[in-house]
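Quick one: structure below, then a few questions.
Bear in mind these aren't lab numbers, they're just calculated from the coordinates by the rules spelled out. All values reported here derive from a predicted model rather than from experimental measurement. Glycine gets a Cβ as well: all are built from the backbone with ideal geometry, and neighbour counts include every protein chain shown.
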Amino acid sequence: LLTLVTNCLGLALAAVLIPSITYHHHVVTLIVAGLILGLVNVALRPIVVVLTLPAVILSFGIALLFINALMLWLTTRIVSGFDIHGFWATVGGALILWVVNLVLAPWRRKARKHKRGRARMSRARAG
């Protein structure tokens, strides 16, 4: 759920900042795009990173930005109504998503720790 919220916020911000990224102001399209982006990142991104590991290492990680752009482009191919026009707009959108994830990472970690703590307390009470 946290990943979905973060993805949706990042995609919405990218659409505001980059005119050639659009979800046509349909919130459902934005939510579906956030969900699909999360699934693409979980299912395909690790495989692509491993396959391109030499490029990632030689570029000191800059190639990861282009891998993230590829994941974003794949999301546009899957979700109708979510469009990005142009290579650099896709790279810019990936960069904005990276910044949003970087900024919200402490909040996500805090929420996960809180959730784990509650789960431990529940198990301790039950056991």
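Send over the per residue convex hull volume for the chain, Cα only, as a whole number of Å³.
135 Å³
In nanometres, what is the gap between the two model label sites at residue 60 and residue 125, each 7 Å from Cα along Cα-to-Cβ?
5.1 nm
Something else now. Can you give me the distance in nm between label points at residue 99 and residue 47, each placed 7 Å from the Cα along the Cα-to-Cβ direction?
3.2 nm
Okay, moving on. Rounded to whole Hz and in sequence order, give me ³J(HN,Hα) for the range 31-42 from the Karplus expression 6.51 cos²θ - 1.76 cosθ + 1.60, θ = phi - 60°, writing x for Gly and Pro.
Taking θ as phi minus 60°, the curve returns 5, 5, 4, x, 5, 5, 4, x, 5, 4, 5, 6 Hz for the range 31-42.
Do you know the relative contact order of the chain, to the nearest whole percent, from alpha carbon pairs under 8 angstrom that are 6+ apart?
After rounding, I find 34 percent.
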